[in-house]
1. Tell me, which helices (runs of 4 or more DSSP H) wholly within the stretch 129-200 include 2 or more residues that are closer than 28 Å to Arg49 by Cα and not hydrophobic (A, V, I, L, M, F, W, C)?
2. In the list Ala83, Ala77, which residue meets the criterion of being touching a strand residue (DSSP E or B) at 6+ places or on another chain (Cβ under 6 Å), assigned to a helix (DSSP H, G or I) and at pLDDT 95 or above?
3. Give me a count of the residues in the stretch 104-125 that are closer than 25 Å to Lys8 by Cβ and without any contact (Cβ under 8 Å) to a residue 40 or more places away in the chain.
4. I'd like to verify a number: residues in the stretch 127-151 that are touching a strand residue (DSSP E or B) at 6+ places or on another chain (Cβ under 8 Å) and away from the ligand (no atom under 12 Å from the Cβ), how many?
5. Where residues in the stretch 48-62 are within 11 Å of the ligand (Cβ to nearest atom) and under 20 Å from Cys255 (Cα atoms), which of them is most open to solvent (accessible area, probe 1.4 Å)?
6. Which condition from (1) without any contact (Cβ under 8 Å) to a residue 24 or more places away in the chain; (2) within 24 Å of Ser222 (Cβ to Cβ); (3) within 12 Å of the ligand (Cβ to nearest atom) is the one that Glu45 breaks?
7. Would you be able to say whether some residue in the stretch 31-40 is open to solvent by 30 Å² or more (accessible area, probe 1.4 Å) and touching a residue at least 24 places away in the same chain (Cβ under 8 Å)?
8. Within the stretch 77-98, work out how many residues are small (Gly, Ala, Ser) and surrounded by 19 or more Cβ atoms within 10 Å (Cβ to Cβ).
Amino acid sequence: MSSLKSEKVAEMYDATGEIGLYLISDNQLHFGYWDENNRDANVGEGAERLTQMMIDKSEILQGERFCDLGCGVGVPAMRIAKAKGCFVDGITISKYQCNKGKDLAEEAGMSDQVRFIQGNALEIPCDDAIYDGGWFFESIFYMGHSEALREAYRILKPGATLLIADLITRPNTTEEFKKFAKEELDSDHIPKEDYPGLLDEAGFDLIEIDDITEFVMPFMFSRLKAGFKQHEAEVLQYVKSEEINGWLQVFENVCDNLGYILVKAKKRVRS
Ligand SMILES: C[S@@+](CC[C@H](N)C(=O)[O-])C[C@H]1O[C@@H](n2cnc3c(N)ncnc32)[C@H](O)[C@@H]1O
């Protein structure tokens with residue numbers, strides 16, 4: 001990942017605060033999960049459900065150290081810290097997110113348990129093998145899969161669990177969309193079939209790949225649209241309605257073209 005690219009991603013996330021995405025998603029900057037148990041859930045509730053699913057897959061224990069690689073404003077980090085009693089370091093390339101994360105953790109009385117680093121998750125300022133677990137929660141496609149897995153391998157202890165929530169290409173993903181994602185969203189998406197090889201090469205044993213596309217993509221756009229409508233008055237204080245429509249179009253395009261997987265892997269213990 002070039003420094004120009006990381007600057008562009010940082011700029012995008014510094015600016016989206018004003019578009020109201022944080023407000024609509026209850027500060028969980030990822031897609032949601034919907035099934036018969038929560039059909040009517042809004043974006044924030046759907047996103048919360050997905051966070052809970054990630055927490056359930058995690059094997060982190062009380063008192064252990066967890067790293068959130070691409071942490072947004074740290075709501076998922078605070079959720080796992082609370083659920084598991086672990087310590088979490090969240091790293092984000094965005095200054096806005098880092099500051100907001102610190103404020104939210106302080107408000108929640110969790111500043112000692114959840115800490116934030118503004119920086120590049122490909123060059124984490126820490127020693128090797130210090131974390132007992134970690135996740136890329138909708139962030140790895142910005143970083144480049146191989147490079148990101150290499151750095152995760154460096155910072156995790158042998159046997160540690162790594163979770164990845166990723167937006168993947170599908171057989172129907174158009175070439176036009178891939179180009180748009182690369183050039184306009186600074187993201188690079190891969191098919192799920194690439195995961196076993198990538199993980200193996202980086203020194204991880206694949207435990208499972210859960211394809212949840214059908215519970216995510218058909219619902220996200222309509223819930224997001226409803227969210228913007230509901231919060232229209234607040235959001236319009238910061239941005240013009242054309243900008244909101246632009247963002248909605250992007251999401252519609254993403255939902256039509258990409259799938260969603262949850263990956264669980266373990267750092268191999270070398271003998
Ligand atoms: C879609 S958001 C997900 C945020 C968070 N995981 C969540 O679920 O709320 C993507 C995140 O990846 C972060 N990110 C992207 N590239 C990064 C990099 N090279 N280093 C650190 N963070 C990065 C962005 O700053 C943002 O926080």
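The values are calculated or read from the model by the stated rules, or taken from the named source; none is laboratory data. Since the model is a prediction, treat every value here as computed from it, not as a measurement. Cβ placement follows ideal geometry from the backbone for every residue including glycine, while neighbour counts extend to all protein chains displayed. We work out accessible area using only protein heavy atoms, side chains counted, and drop any ligands, DNA or RNA first. Shrake-Rupley method; radii C 1.70, N 1.55, O 1.52, S 1.80 Å.
1. Here the list reads 145-155.
2. Numbers: Ala83 fails: touching a strand residue (DSSP E or B) at 6+ places or on another chain (Cβ under 6 Å).
Answer to the check: Ala77.
3. Of the residues in the stretch 104-125, 5 are closer than 25 Å to Lys8 by Cβ and without any contact (Cβ under 8 Å) to a residue 40 or more places away in the chain.
4. Of the residues in that region, 6 qualify.
5. Glu48
6. Here Glu45 meets the rest and fails (3).
7. There is no residue in the stretch 31-40 that is open to solvent by 30 Å² or more (accessible area, probe 1.4 Å) and touching a residue at least 24 places away in the same chain (Cβ under 8 Å).
8. 4
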